[in-house]
1. Name the one entry in ALA224, ALA248 that is surrounded by fewer than 20 Cβ atoms within 10 Å (Cβ to Cβ) and either more than 30 Å from LEU166 (Cβ to Cβ) or of a type in the set (Lys, Arg) (or both).
2. So in segment 196-208, with the set limited to residues that are open to solvent by less than 60 Å² (accessible area, probe 1.4 Å) and small (Gly, Ala, Ser), which one is farthest from ALA248 (Cα to Cα)?
3. May I ask you to list the residues in segment 148-198 that are touching a residue at least 12 places away in the same chain (Cβ under 8 Å) and among the hydroxyl-bearing types (Ser, Thr, Tyr)?
4. Name every residue in segment 157-195 that is surrounded by fewer than 11 Cβ atoms within 10 Å (Cβ to Cβ) and assigned to a helix (DSSP H, G or I), in order of residue number.
5. Having 2 or more residues that are farther than 28 Å from ILE295 by Cβ and modelled with pLDDT of 85 or more is the bar; report the helices (runs of 4 or more DSSP H) wholly within segment 1-118 that clear it.
6. Only one of ILE286, ILE291, ILE237, ILE208 is among the aliphatic types (A, V, I, L, M) and closer than 26 Å to ALA103 by Cα. Can you tell me which?
Amino acid sequence: MTTLEPPVAAKRAPARPAAKKDRRSWTGWGFVGPFVTVFALVFLAPIGYSIYLSLFRDQLIGGTSFVGLDNYTQALQDDQFWSSLGRVSLFLAVQVPIMLGIALLIALALDSGRLFGKDFFRIAIFLPYAVPAVVATLMWGFMYGTKYGLVGDINTAFGITLPDPLSSDLVLASIGNIVTWEFIGYNMLIFYSALRVIPLSLYEAAEIDGAGQIRVITAIKLPAIRGALVIATIFSIIGSFQLFNEPAILRPLARNAITTDFTPNFYTYSLSFNGQQHNYSAAVAIIMGLITMVIAYVVQLRGMRKGA
């Protein structure tokens, strides 16, 4: 009598050794590890140290002591801080729209295909961005000079008296002119790059419908580069609140017009290096960072909603 053997159990794949699983899990960290390390050292660590400094204060009696949020309370009641913040806010409200508007017009002109020698103009307009900010500011500061510069030479040659660009009334506009000259090419390149990736089928459909150039710009080009417009606006807002190089370099030429609290960044620099108030300057810097972050985030949200 034959006995039936029990069915052979299906063969199972051998379990992967735990060592291989651990090795694969660490492989990803090997790729992102260098970035995380650099990011922590150059970004997170300085912010953490600034927050730590802002919670202390150097006192004549007792030395460095923990004061909690007293430095932040003092900064929010500081007239010099609010004056500098108001100045860069005015700078942002006027200079940024002008700069981005000119950059957008140039990008549209280059993309139109009707501009003769567009390669030359593209390089020529971008060239000022390649000039270091220090060199650009010194160059414009020399031209602004009424005694030895271009303005002074024009006054002498024509027997006229032009307004002093470095006077208290005009120095903010003069700095805005320098920043606009420096960054028009940078923003133009962002807009032009976005325009070049618009599908040609959209232009063909517009041509079939008989749309003119203005209609193509408003209905196709501007909506297509809305993301680039938002990015350029955010970068310009951050740059405006970080304004430092131009007023710091021009101050020896216009000490009465450019004070140590001309901009928030210049104010924190003066507090830290001239006034030795490192803890208080850290608190001011943290507040400015939060203000910049909130405004940039609001602009991003509005841009995303409009683009939806």
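The values are calculated or read from the model by the stated rules, or taken from the named source; none is laboratory data. These numbers were taken from a predicted model, which means no experiment stands behind them. Backbone-built Cβ (ideal geometry, glycine too); neighbour counts: all protein chains shown. Areas reflect the complete protein model, heavy atoms only, side chains present, ligands, DNA and RNA absent. Shrake-Rupley method; radii C 1.70, N 1.55, O 1.52, S 1.80 Å.
1. Being surrounded by fewer than 20 Cβ atoms within 10 Å (Cβ to Cβ) and either more than 30 Å from LEU166 (Cβ to Cβ) or of a type in the set (Lys, Arg) (or both) holds for just one of ALA224, ALA248, which is ALA224.
2. ALA205
3. Those that are touching a residue at least 12 places away in the same chain (Cβ under 8 Å) and among the hydroxyl-bearing types (Ser, Thr, Tyr): SER167, SER168, SER174, THR180, TYR186, TYR192, SER193.
4. Across segment 157-195, the qualifying residues are ALA157, PHE158.
5. Here the list reads 18-39, 79-111.
6. That would be ILE237, the only listed residue that is among the aliphatic types (A, V, I, L, M) and closer than 26 Å to ALA103 by Cα.
Table: residues versus (1) farther than 22 Å from GLY239 by Cα; (2) among the β-branched types (Val, Ile, Thr); (3) open to solvent by 60 Å² or more (accessible area, probe 1.4 Å).
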| position | (1), (2), (3) |
| --- | --- |
| ILE47 | no, yes, yes |
| PHE56 | yes, no, no |
| ASP79 | yes, no, yes |
| VAL96 | no, yes, no |
| GLY101 | no, no, no |
| LYS118 | yes, no, no |
